[in-house]
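Quick notes on the structure that follows.
The values are calculated or read from the model by the stated rules, or taken from the named source; none is laboratory data. Everything numeric in this text was worked out from a predicted model, so none of it was measured. Heads up, the Cβs are rebuilt from the backbone with ideal geometry, glycines too, and the neighbour counts pull from every protein chain shown. Side chains are part of the model used for accessible areas, which takes the heavy atoms of the whole protein and leaves out ligands, DNA and RNA. Shrake-Rupley method; radii C 1.70, N 1.55, O 1.52, S 1.80 Å.
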Amino acid sequence: MCGRYVMARATSDLVALGDAETNEELVLRQSWNVAPTAEVPILVAHADDVGAGVTRRIHVARWGLVPPWAKELSVGSRAFNARSETVASKPTFRAAVRARRCAVPVEGYYEWKTPEPGAKGPDGRAAKKQPYYVHPAGAGDGEGPVIWFAGLYEWWQDPEAKAAGEDAWVLSTTILTMAAPDADDDDPVLAALGQLHDRLPVPMDAETMDRWLTPDTLGSAEEADALVGQVCARAYDVAAGWSLRPVEGAVGNVRNNGPELIQEMREHQGTLL
């Protein structure tokens, strides 16, 4: 799954990396501890009005998908991830996967490894979950590539805001997940990801992102499933280029937010897991 991540890039960086456009007034908030319900950037492809081409744009959305039929905004707090296996059939996501696909850029994400049964910590008490920071290999802090996760977006109209004559439209998003690699995979990075968690947020390379972002509306759930399958088929190839490092438990508190959160724990330096 993906429940926390890092996005501290400037708007101009994402515009360049995503070959996109955006509102010149859009300023992204730096965060080293993005949590569900936060405002996050997404990349969306829009068909030109004259039908001559496609334009990519950076928007800001609420992390946690809120379908149009939802009665409350809080529905999104339970829909920040969407399982690739059921996304085409689950009511919350099935309309979006056919017509409203996006890419969610992250510099890296956090995942918590569950300790072995009976494991003890340095204090002799039961060992706690260990957070890891997963990111593209070779990417420096604030530099290098980002990960583009397959995502969905929706528009929801707040009835109370509408009644008050206020701007009632809320743009929201979710990140697709898939089964993690085998913990015994021959590739050490994929094996480490498999040991870390049983789910993996779905990353895209340039080719699959082009397919995913096509603004065409798919005609059926079967077509949506086929597209999801194409993206997932290349996901492990992308993930094999990542690095993992253990970080301090401070990231578990969303009130903690700074570049120190992604620094490697000294006692674990040089270990993959």
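Enclosing the Cα atoms of the stretch 1-152 in their convex hull gives a volume equal to 170 cubic angstrom per residue. Computed per residue of the chain from DSSP H runs no shorter than four, each worth -39500 (n - 2.57), the mean residue ellipticity at 222 nm is -5000 deg cm²/dmol. Normalised per residue, the accessible area of the chain is 50 Å², obtained with a 1.4 Å probe and no contribution from ligands, DNA or RNA. Ranking THR173, THR92, THR114 from most to least accessible surface, computed with a 1.4 Å probe over the protein chains only, gives THR114, THR92, THR173. Cross-link partners of LYS90 among lysines, defined as those whose alpha carbon lies under 22 angstrom from its own and excluding same-chain residues fewer than eight positions apart: LYS71. Out of residues 5 or more away from VAL247 or on other chains, whose amide H comes under 5 Å of its own, with H placed 1.01 Å from N in the peptide plane? When sequence neighbours closer than 5 places are left aside, the close amide H contacts are TYR132, TYR133, MET265. Note on LYS128: lysines with a C-alpha under 29 Å away, same-chain residues under 8 apart excluded, are LYS113, LYS120. If both residues of a DSSP beta bridge must be in the stretch 67-217, then about 90% of such bridges are antiparallel. With q set to 0.11, 0.15 Å⁻¹, the log10 of I(q)/I(0) for the chain, from the Debye formula over equal scatterers at the Cα positions, is -0.63, -1.15.
Among the trypsin sites (Lys or Arg not before Pro) in the stretch 176-262, which ones are in a DSSP loop with at most 11 other Cβ atoms within 10 Å of the Cβ? Mind listing them? Filter output for the stretch 176-262: ARG255. Here is the P(r) of the stretch 101-217: all C-alpha pair distances, binned every 5 Å from 0, give 2, 9, 13, 16, 16, 13, 10, 9, 6, 4, 2, 1 in whole percents.
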